[in-house]
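Peer 1: The structure that follows is given in the form of structure tokens.
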Amino acid sequence: MVELQHALAIELGESRLDEDNLPQIEDMVSVCAGLVTVDEESEIIRLVHYTTQEYFERTRETCGVCQNDKEFEERQQSNQLYNYASFNWGHHAREAYTSIPEVHSFLETNAQLQASIQVLLVKKSHYLGESQYSRVYPMGLKGIHLAAHFGIEKTVQHLLGTYISDEKDGSGRTPLSHAAENGHEAVAKLLLANNADINLKDGRYGQTPLSWAAYNGQEAMVKLLVANNADIELKCTGYDWTPLLWAVVNRREAVVKFLLESGAEFNLQSASDRTPLSWAAGKGHEAIFKLLLEKGADIDIKDNNNRAPLSYAAEYGHAAILKLLLVDSAEVNLKCTRMGRTPLVWAADNGHELIVKLLLLDNAEVDIEDTHDRTALSHAAERGYEAIVKLLLEYNAKVNVEDGSERTPLLYAVRNNHEAVVKLLLEKHAKIDLKDTTHEQTALSLAEMKEDEAVIKLLQIHKKEECVVC
């Protein structure tokens, strides 16, 4: 009782207790609205009835995850340290010299555990338009998974008395999977010593602990798992990605280097038939690309869309990688299956001027048409890429080429108000009277409809000049 009186009497900012602030016992009991009473013999304040204690215990168990975004945000706003505690308690526990009973209790109380996990692992989802984002997080994690996530070795050791080493969460992930992703070697060694399955796939994408470590760039963990005979060629179920491919896609150079040195197959194709080299070309990681080339990766393997690494390097504008491929005589005019685009068309449509120049210098055919009968010039004109249009015209691109709708580069430029491109095309004798089949409009009628005075003026001047020549 005295301790409670002193606690209530303390004022913030004061270094001494003012005994005049000690509350009266009667007042303390009164403000609790009949829920508590004072045992006169022991001088202990306690709940009046055991049912109240039971109620609080039930409430403690039900105050778990928030059921909607509003509750989730209000909880964080009303508890200023909530986020910090959820993200950092495990790091503090990991650094402790001894096992902490309170941590064990916390991890064994499911409602508290799930509330913490909700804050720690929730991700706002673009596909849900932010609505109910608070419910988008890994479900079914148990205390041992969270302890492994934070790398709390002593707590994992304690919880192995309750859970098996391959205990699965809602996504089929094991404690070893969580430890591997986050690079906690001591916990991984402990779990392996307790017969954890090193090659067990999870239930969502079929990833192994090694692929999680590779994905997250945990080089030391990758080395530990490989040293313990993890299968470096085991593909995940969802994408058919090996650990090497997970590392390549996520730009983990050191892991890629180690896996290649450990004998990982570098031409292995995924479900879409893409190779690690293809992914490196698309991601633009020159160092990883060179590592794969040095190992002998094939530059001409096509995926299921008939695209080779050069196609991806061109689409995403990775000039250094493109140069390496051109030096090795990559197929410069290879057309993909679904859109019929060559590397030049990909580059022109995405505004990569240097890539366009490099491809043209390597004798890329300038007028190859895609599945919609559109050329690189048609795409560049539509986008308004003046420098690329000029470059293509210098290489004698056909200025009046029509696509499947009989729309010319000039019509695309006019439709999108690209005055500078219109001027370049007119200088190369673009025909202004050609009509498309969709709207039956000429360049001039289209410009008039769009009320583009600058383009109208250009077209009218050009028409007069044509008449003079006639």
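The values are calculated or read from the model by the stated rules, or taken from the named source; none is laboratory data. Everything numeric here is computed off the predicted structure, so don't read it as measured data. Glycine also receives a Cβ, built like all others from the backbone with ideal geometry; neighbour counts cover every protein chain displayed.
Peer 1: Determine which member of the set 58, 75 is within 15 Å of residue 112 (Cα to Cα) and modelled with pLDDT of 75 or more.
Peer 2: Sole residue among the options that is within 15 Å of residue 112 (Cα to Cα) and modelled with pLDDT of 75 or more: 75.
Peer 1: Another one. Is there a residue in region 166-188 that is small (Gly, Ala, Ser), closer than 12 Å to residue 144 by Cα and assigned by TED's automatic domain parsing to the domain that holds residue 110?
Peer 2: yes
Peer 1: Name the single residue that is surrounded by the fewest Cβ atoms within 10 Å (Cβ to Cβ) among those in region 88-113 being among the β-branched types (Val, Ile, Thr) and assigned to a loop (DSSP other than H, G, I, E, B).
Peer 2: Taking the candidates together, the pick is 98.
Peer 1: If a residue has to be surrounded by 20 or more Cβ atoms within 10 Å (Cβ to Cβ) and among the aromatic types (Phe, Trp, Tyr) to count, how many in region 294-331 make the cut?
Peer 2: Here the count works out to 1.
Peer 1: Hey, can you tell me all the residues within region 65-82 that are surrounded by fewer than 17 Cβ atoms within 10 Å (Cβ to Cβ) and either more than 19 Å from residue 139 (Cα to Cα) or not assigned by TED's automatic domain parsing to the domain that holds residue 153 (or both)?
Peer 2: 70, 73, 74, 76, 77, 78, 79, 80, 81, 82
Peer 1: Go through (1) more than 19 Å from the chain's Cα centre (by Cα); (2) assigned to a helix (DSSP H, G or I); (3) among the hydrophobic types (A, V, I, L, M, F, W, C); (4) under 18 Å from residue 274 (Cα atoms) one by one and return the number of the condition residue 221 breaks.
Peer 2: Of (1) more than 19 Å from the chain's Cα centre (by Cα); (2) assigned to a helix (DSSP H, G or I); (3) among the hydrophobic types (A, V, I, L, M, F, W, C); (4) under 18 Å from residue 274 (Cα atoms), only one is false for residue 221: (4).
Quick grid of which residues meet (1) assigned to a loop (DSSP other than H, G, I, E, B); (2) surrounded by 18 or more Cβ atoms within 10 Å (Cβ to Cβ); (3) on the phi < 0 side of the Ramachandran plot:
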| position | (1), (2), (3) |
| --- | --- |
| 141 | yes, yes, yes |
| 146 | no, yes, yes |
| 158 | no, yes, yes |
| 163 | yes, no, yes |
| 170 | yes, no, yes |
| 176 | no, yes, yes |
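Peer 1: Taking into account only those residues within region 232-242 that are within 18 Å of residue 203 (Cβ to Cβ) and not hydroxyl-bearing (Ser, Thr, Tyr), which is surrounded by the fewest Cβ atoms within 10 Å (Cβ to Cβ)?
Peer 2: Only one residue tops the list, namely 238.
Peer 1: Tell me which residues, restricted to region 244-274, are in a loop (DSSP other than H, G, I, E, B) and closer than 25 Å to residue 220 by Cα.
Peer 2: 250, 251, 252, 262, 263, 264, 265, 266, 267, 268 - these are the residues of region 244-274 that are in a loop (DSSP other than H, G, I, E, B) and closer than 25 Å to residue 220 by Cα.
Peer 1: So is residue 214 without any contact (Cβ under 8 Å) to a residue 60 or more places away in the chain, part of a helix (DSSP H, G or I) and under 22 Å from residue 278 (Cβ atoms) or not?
Peer 2: Criteria met by residue 214.
Peer 1: With respect to the numbered conditions (1) surrounded by fewer than 17 Cβ atoms within 10 Å (Cβ to Cβ); (2) within 22 Å of residue 250 (Cβ to Cβ); (3) touching a helix residue (DSSP H, G or I) at 6+ places or on another chain (Cβ under 6 Å), which one is the sole condition not fulfilled by residue 204?
Peer 2: Against the list (1) surrounded by fewer than 17 Cβ atoms within 10 Å (Cβ to Cβ); (2) within 22 Å of residue 250 (Cβ to Cβ); (3) touching a helix residue (DSSP H, G or I) at 6+ places or on another chain (Cβ under 6 Å), residue 204 comes up short only on (3).
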